[in-house]
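Some notes on the structure that comes next.
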Amino acid sequence: MPFVVRLSGLVIATLLLAGPLQAVIETYAFSSPDLERRYHALSQELRCPKCQNQNIADSNAPIAQDLRRLLYQQLEAGATDAEILDYMVARYGEFVRYRPGFDRATAILWLAPAILLLLAAAIAVAVLRRSQSSEQSAPGVDDTKLQALLEGRDKTP
Amino acid sequence: MGPRLKLFAPLLIFIALAVFLARGLQLDPQELPSALIDQPLPAFTLPDLHSGEMLTRESVLGQPALFNVWATWCISCRVEHPYLQTLAEQGVAIYGINYKDDDDAAIEWLDTLGDPYIANIVDGQGRLGVDLGVYGAPETYFVDAQGVVRYRHVGVIDERLWRTRLAAIYAELGGTVAPAGDTP
């Protein structure tokens, strides 16, 4: 059946061609693998201003595409990571970073975990102390007698 | 009194949580504070939509003005457009930033729907948009005569919003609006 063979060949060829066209995220040719690594790291860390729970690497919003293009251009122009992050923050605010810098507005974000941990530890210590002190001051129990009873019981098989 | 007060601790914690959650419900997470407030309007050299002449930051400054980011692909911009027209008739200075749009479509839009803008800056690549921190149209920047951005509004401007909030901001910039009765 040469017709079927030719038809399936055509179908396969079409599918092979369609593969790259379906890719939604554009690809950039980097002059060095190091730049490509930094591009991926930065695009993971920069947040898309429009679709707020995605980074610009995952988002297909037009603004994310624009920011990826700028990121690529700046990396190729030799900008440092800090310069690129400053550029983005100057335009979109600390919001655009998933790891915002420490300032008055973001202090609570950075400090809350430590404060909550300390608070939890303080509560735990207070609760433990109280239960211990109530054990010690249990009324009407003779500690030595109790100890003797426990030991005597241990000896009997 | 101590142990008795302790009984109220869960209630107090509940009230504190309820206050925070109620506040959270009233906030719009889509509304981001602009990083450009009290910063100078970014420099640009971009063509005028109609004449093709190059416009710069200096050529559009000199009076308190609104810079409205719009595009023909933006449905909310069409909703906003008639009210911008009204504002322009009342003497509000409005510049357009035609954001990532097709020039011919934009000109046709202004011809059919009316043109409230003093001039339109063509930002085809969205570079001025990025410098402004635009993340979606429509957005409107309130810029004073010295070229300092004083306020950014994200979303549609309508009459209610203008009366309750934006008119005061525009007046603070030194902008004057004809009384509503004067317009036909």
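At-a-glance table
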{"item": "Lone qualifier among A:Leu70, A:Leu75 - being part of a helix (DSSP H, G or I), at the interface with chain B (Cβ under 9 Å from one of its Cβ atoms) and closer than 12 Å to A:Ser43 by Cβ", "result": "A:Leu70"}
{"item": "Any hit, segment A:57-65, residues being assigned to a helix (DSSP H, G or I) and in contact with a strand residue (DSSP E or B) (Cβ under 7 Å, 6 or more places away or on another chain)", "result": "no"}
{"item": "Of residues in segment A:82-115 being surrounded by 13 or more Cβ atoms within 10 Å (Cβ to Cβ), charged (D, E, K, R) and under 20 Å from the mean Cα position of the chain (by Cα), the one farthest from the other protein chains (Cβ to nearest Cβ)", "result": "A:Arg97"}
{"item": "Segment A:37-56 - residue that is touching a strand residue (DSSP E or B) at 6+ places or on another chain (Cβ under 7 Å) and part of a loop (DSSP other than H, G, I, E, B) and, of those, farthest from A:Glu26 (Cα to Cα)", "result": "A:Cys48"}
{"item": "Residues of segment B:103-147 that turn out to be among the acidic types (Asp, Glu) and within 14 Å of chain A (Cβ to nearest Cβ), as a count", "result": "3"}
{"item": "Residues of segment B:86-101 satisfying the condition of being of a type outside the set (S, T, N, Q) and away from chain A (no Cβ under 14 Å)", "result": "B:Leu87, B:Ala88, B:Glu89, B:Gly91, B:Val92, B:Ala93, B:Ile94, B:Tyr95, B:Gly96, B:Ile97"}
{"item": "Any chance B:Leu173 is surrounded by 14 or more Cβ atoms within 10 Å (Cβ to Cβ) and more than 15 Å from B:Pro82 (Cα to Cα)", "result": "yes"}
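Each reported figure results from applying straightforward, stated rules to the coordinates on display, with no laboratory input. These numbers were taken from a predicted model, which means no experiment stands behind them. Counting neighbours? That spans all protein chains shown, and the Cβs are built from the backbone with ideal geometry, glycine included.
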